[in-house]
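Please find one structure pasted underneath; my questions will follow.
The values are calculated or read from the model by the stated rules, or taken from the named source; none is laboratory data. Being a predicted model, the structure only gives us computed values, none of them experimental. Don't worry about glycine lacking a Cβ; one is built from the backbone with ideal geometry, like all the others, and counts go over all protein chains shown.
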Amino acid sequence: MQQNVYTEEEKNWMAEGEKGSHSARVTPSMVNVLGENEIFVFGSNAQGMHHGGAARVAYDKFGAEWGNGEGLQGHTYALPTMEGVKSTQAAVDRFIEYAKKHSELKFLVTPVGCGIAGYTPQQIAPMFKEAISLENVYLPVSFWKLLLGKE
């Protein structure tokens with residue numbers, strides 16, 4: 001049976017979070033399986049052409065729809081990240097509003113925009129600042145470090 005894979009850094013970060021020093025809500029570096037209410041959040045392009053990276057994983061494994069570049073689809077949520085920083089920020093804002101309204105879902109945010117789109121965590125992580133308080137949103141360690149000033 002496949003499992004999600006956490007790096008040693010992710011495991012250590014979660015252990016510290018459970019002690020209260022920072023968030024234990026960490027997205028695993030490799031998501032292979034999802035629970036019934038878990039949503040794989042990935043970076044896409046506005047056209048929904050899920051050719052590579054996390055977008056391809058979303059399409060192959062978790063129900064992302066070809067031609068759909070934003071929003072909930074299957075057990076995924078697409079964030080268009082290829083159209084520029086302002087557009088990405090607007091998409092993240094819409095995602096955060098969606099996550100607020102759907103506390104029954106657990107959103108596993110991948111390092112959106114930090115692969116094929118070519119952005120850095122320093123550019124993208126601050127866009128998720130409002131998600132810090134959302135118990136149903138999990139973020140990559142690289143984002144948490146920046147958001148909580150641990151970098």
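List pairs: first in region 23-42 and in contact (Cβ under 8 Å) with a residue 40 or more places away in the chain and at negative phi, second assigned to a loop (DSSP other than H, G, I, E, B) and of a type in the set (A, V, I, L, M), Cβ under 6 Å, 6+ apart or cross-chain?
Correct list of pairs: Asn37/Leu105; Ile39/Leu105; Phe40/Val31.
Report yes if some residue within region 26-39 is within 17 Å of Ser133 (Cα to Cα) and of a type outside the set (Ser, Thr, Tyr); otherwise report no. Talk me through it step by step, then tell me what you get.
Narrowing region 26-39 to residues within 17 Å of Ser133 (Cα to Cα): 26-27.
Keeping just the survivors that are of a type outside the set (Ser, Thr, Tyr) gives 26.
Yes - at least one qualifying residue is present in region 26-39.
Which condition number in (1) in a helix (DSSP H, G or I); (2) buried (at least 19 other Cβ atoms within 10 Å of the Cβ); (3) touching a Ser or Thr at 6+ places or on another chain (Cβ under 7 Å) is the one that Gly17 fails?
(2)
If you don't mind, there's one more thing I want to ask. Could you grab the pairs with beta carbons closer than 9 Å, sequence gap of 6+ or different chains, first residue in region 55-79 and without any contact (Cβ under 8 Å) to a residue 24 or more places away in the chain, second one acidic (Asp, Glu)?
Short answer, once both residue conditions are applied: Tyr59/Glu65; Gln73/Glu65; Gly74/Glu65.
Return the total of residues in region 46-58 being within 15 Å of the chain's Cα centre (by Cα) and more than 14 Å from Thr110 (Cα to Cα). Step through it out loud before you land on a result.
Taking region 46-58 as the starting set, the residues that turn out to be within 15 Å of the chain's Cα centre (by Cα) are 53-58.
From the residues that got through so far, the ones that are more than 14 Å from Thr110 (Cα to Cα) too are none.
Looking only at that region, the number is 0.
Let me ask you something else. Would you mind stating whether Ala90 is in a helix (DSSP H, G or I) and either small (Gly, Ala, Ser) or modelled with pLDDT under 95 (or both)? Steps first, please.
Numbers: in a helix (DSSP H, G or I): yes; either small (Gly, Ala, Ser) or modelled with pLDDT under 95 (or both): yes.
Judged against the criteria, Ala90 is a match.
I've got another one for you. Taking the criterion of being touching a helix residue (DSSP H, G or I) at 6+ places or on another chain (Cβ under 9 Å) and either in a helix (DSSP H, G or I) or of a type in the set (Asp, Glu) (or both), would at least one residue in region 103-110 satisfy it? Walk me through how you get there before you give the answer.
Within region 103-110, the first condition is being touching a helix residue (DSSP H, G or I) at 6+ places or on another chain (Cβ under 9 Å), and the residues that meet it are 105, 107, 109-110.
Remaining after also requiring either in a helix (DSSP H, G or I) or of a type in the set (Asp, Glu) (or both): none.
No.
Sort through Phe143, Phe42 and tell me the only one that's surrounded by 19 or more Cβ atoms within 10 Å (Cβ to Cβ) and either outside any strand (DSSP E or B) or over 12 Å from the mean Cα position of the chain (by Cα) (or both).
On the way: Phe42 fails: either outside any strand (DSSP E or B) or over 12 Å from the mean Cα position of the chain (by Cα) (or both).
Going through Phe143, Phe42 in turn, the sole match is Phe143.
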